[in-house]
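The values are calculated or read from the model by the stated rules, or taken from the named source; none is laboratory data. Note that the coordinates shown come from a computational prediction; the quantities given were computed from them, not determined experimentally. All Cβ positions, even for glycine, are placed from backbone atoms using ideal geometry, and neighbour counts span all protein chains on display.
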Ligand SMILES: Cc1cc2nc3c(=O)[nH]c(=O)nc-3n(C[C@H](O)[C@H](O)[C@H](O)COP(=O)(O)OP(=O)(O)OC[C@H]3O[C@@H](n4cnc5c(N)ncnc54)[C@H](O)[C@@H]3O)c2cc1C
Ligand SMILES: Cc1cc2nc3c(=O)[nH]c(=O)nc-3n(C[C@H](O)[C@H](O)[C@H](O)COP(=O)(O)O)c2cc1C
């Protein structure tokens, strides 16, 4: 029987397994058998098959995985690119080289939709992955306590299952460019070492390094410039906004329609719409009032350029949630004994209690005078990230429109009314006719 005629075996209903066990085993077999022909072809051509797997929530890991995959393809590798959302972990057993780019959320967890993948990978008696070589680029934000934790957990799990890392795990904060470039180079060098030297193209990429054709700005092809991403969002008109909750309700939920008919944005049922938010100008005034700055001071933001401090705080930095890292950097600047005491490991509970429900303005108000320059301020702050909203319309029923339903985050802590950055922007600060940067 030829490979193409091979039937995928399955576990019958009457076999002595629970529903979950049977589903898992059938997934494993399906994965194993569906990948077998590719492996056979690979050995026949001595070509190196690489799978690039990403775990992403707001698109950063996905964007990098796409870049990597494109570059590897350009260098002659056979590459498949997959999201870990819905990926059957058992198919990993049939891979030879797996390159992971994954971000971290929650308390050091996988992105929401990637959690089932990791849960399945962690089931007891998961098949060993002894033939798999892998590398991980873990994305995170060093302001979070569990920095890059999902990447770390994935690394430990894969190693525990017998897979071999071709490189030590790399970790990146929110400025991903440099770590990604460094990791990508190291991966490519390793792949070159592992590949048969039959393909001259494999060497080219190593020699050309950072200035390889793929790293250069893309040529101005119309289709590429129309593609809207987190980095190149579409400025969509808000065409409708209405409350779905009664005015007497303590909770506000709103319905929003965005016009996308003039864009190349496409979506399917189940996709999410990313919104690039801005902070509340009134909160920026509050922050500035607790500093010695007017907001007109120039600052330089990597990859953005020169803007005023006010503009930076409005568009680029997260100021609504106090993090351990912010507090720690401010404690160093102020030499404040009280803040430093909160940072000793035995004070973890006390520290969390202090951070909860406070923001940058609270810190500057309670411990004034610590900042000498605007750069000191912005260096403390995490970058403002997009928020995702599930699309509640169907492209068939509402062509050219994206509908979302947003529950507005408002709460009061430490004697001040506070709000979620993006949901209050949508609820309070934009209206029909205004434009907002979005991507799918
Ligand atoms: C795939 C996906 C789809 C989503 N779809 C939707 C959707 O369809 N509709 C929707 O409304 N949201 C959706 N969300 C959530 C959405 O992305 C935002 O997280 C949400 O709108 C809050 O964002 P924000 O900027 O308004 O709040 P943020 O500025 O992110 O503030 C939220 C934070 O405020 C703090 N906080 C909130 N309440 C309190 C309190 N009482 N005390 C102290 N601190 C508090 C917490 O730290 C909380 O994390 C989705 C998220 C994902 C990942
Ligand atoms: C709500 C939220 C929670 C996060 N939690 C963590 C965390 O616990 N640890 C961490 O290192 N990074 C954390 N991050 C940062 C993301 O991992 C980081 O921004 C990453 O680049 C996002 O990649 P993605 O766009 O592919 O999802 C968090 C970000 C958000 C918005």
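Worth pointing out:
- Residue in segment 99-137 that is nearest to residue 66 (Cα to Cα), counting only those that are away from ligand 2 (no atom under 16 Å from the Cβ) and in contact (Cβ under 8 Å) with a residue 60 or more places away in the chain: 133
- Residue match in segment 359-367 (condition: in contact with a helix residue (DSSP H, G or I) (Cβ under 9 Å, 6 or more places away or on another chain), within 16 Å of ligand 2 (Cβ to nearest atom) and at pLDDT 95 or above): yes
- Single condition residue 110 does not satisfy, out of (1) over 28 Å from residue 142 (Cα atoms); (2) within 16 Å of ligand 1 (Cβ to nearest atom): (1)
- Note on segment 64-155: enclosed strands (runs of 3 or more DSSP E) holding 1 or more residues that are surrounded by fewer than 19 Cβ atoms within 10 Å (Cβ to Cβ) and in contact with a strand residue (DSSP E or B) (Cβ under 8 Å, 6 or more places away or on another chain) are 78-83.
- Residues satisfying the stated conditions in segment 371-384, i.e. over 22 Å from the mean Cα position of the chain (by Cα) and either more than 30 Å from residue 305 (Cβ to Cβ) or not in a helix (DSSP H, G or I) (or both): 371, 372, 373
- Note on segment 414-423: among residues that are within 9 Å of ligand 1 (Cβ to nearest atom) and not in a strand (DSSP E or B), the one that is nearest to residue 386 (Cα to Cα) is 422.
- Failed item, numbered, when residue 177 is tested on (1) touching a residue at least 60 places away in the same chain (Cβ under 8 Å); (2) surrounded by fewer than 16 Cβ atoms within 10 Å (Cβ to Cβ); (3) more than 12 Å from ligand 2 (Cβ to nearest atom): (3)
For every residue, the table says whether it meets (1) outside any loop (DSSP other than H, G, I, E, B); (2) more than 13 Å from residue 280 (Cβ to Cβ).
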residue	(1), (2)
412	yes, yes
425	yes, no
428	yes, no
432	no, yes
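- Within segment 351-370, the set of residues being buried (at least 19 other Cβ atoms within 10 Å of the Cβ) and assigned to a loop (DSSP other than H, G, I, E, B) comprises 358, 359, 370.
- Members of segment 400-410 found to be under 21 Å from residue 249 (Cα atoms) and either away from ligand 2 (no atom under 16 Å from the Cβ) or in a strand (DSSP E or B) (or both), listed by number: 404, 405, 406, 407, 408, 410
- Top-ranked residue in segment 385-396 [being within 20 Å of residue 264 (Cβ to Cβ) and more than 6 Å from ligand 1 (Cβ to nearest atom); ranked as farthest from the chain's Cα centre (by Cα)]: 396
- Any chance residue 419 is under 25 Å from the mean Cα position of the chain (by Cα), at pLDDT 95 or above and on the phi > 0 side of the Ramachandran plot: no
- Filtering segment 333-350 to residues that are within 13 Å of residue 367 (Cα to Cα) and loosely packed, with under 14 Cβ neighbours inside 10 Å leaves 335, 337, 338.
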